[in-house]
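S.K.: Here it is: the structure, laid out below.
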Amino acid sequence: MKSNSIKLALVLVVVVVVSAASGCGGAQEAPAGEQMVVDGETLLEERCTECHGLDRTTSQEKTRAEWEATVSRMVNQGAELNEDEKTVLVDYLAETYGP
């Protein structure tokens, strides 16, 4: 009987700790109906490097139209970017890695 009480107490402690930890810090979610738009540099580092190194992008110098074509091609090949993120990324690339 004492063993069951100890197990129950441990389970309760774990539940409390996990509940508290999940409410602190961690990834932030946008409120319902809103999307969090990440900055262009973060999108480049997080999304583009899933398939290739940063140097493949940062060594390029392209016009805005060329970056738009490149980003669209990458999305067609599986890069996960919504329309807002595509715009933010293209703006960043054109400003940072333009002619």
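S.K.: May I ask for the net charge around Leu54, where only other residues with Cβ less than 12 Å from the Cβ of Leu54 are counted and Lys, Arg are +1 while Asp, Glu are -1? Can you show the working numbers first?
M.R.: Values: positive: Arg47, Arg56; negative: Glu41, Glu45, Glu46, Glu50, Asp55.
Computed value for this residue: -3.
S.K.: With a cut-off of 8 Å between alpha carbons and a minimum separation of six or more residues, what is the relative contact order of region 57-99 in percent? All intermediate terms of the calculation are to be shown ahead of the outcome.
M.R.: Values: 24 pairs, mean separation 29.7, N = 43.
Reported relative contact order: 69 percent.
S.K.: P(r) for region 37-99, please, calculated from all Cα pair distances in 5 Å bins and given in %.
M.R.: 4, 20, 34, 31, 11, 0
We did not get these values from a lab; they are worked out from the coordinates using the rules stated. It should be emphasised that the depicted structure is a prediction, and the values quoted were computed from it without experimental measurement. A quick note on method: Cβ atoms are made from the backbone with ideal geometry, for glycine too, and the neighbour counts reach across all protein chains shown.
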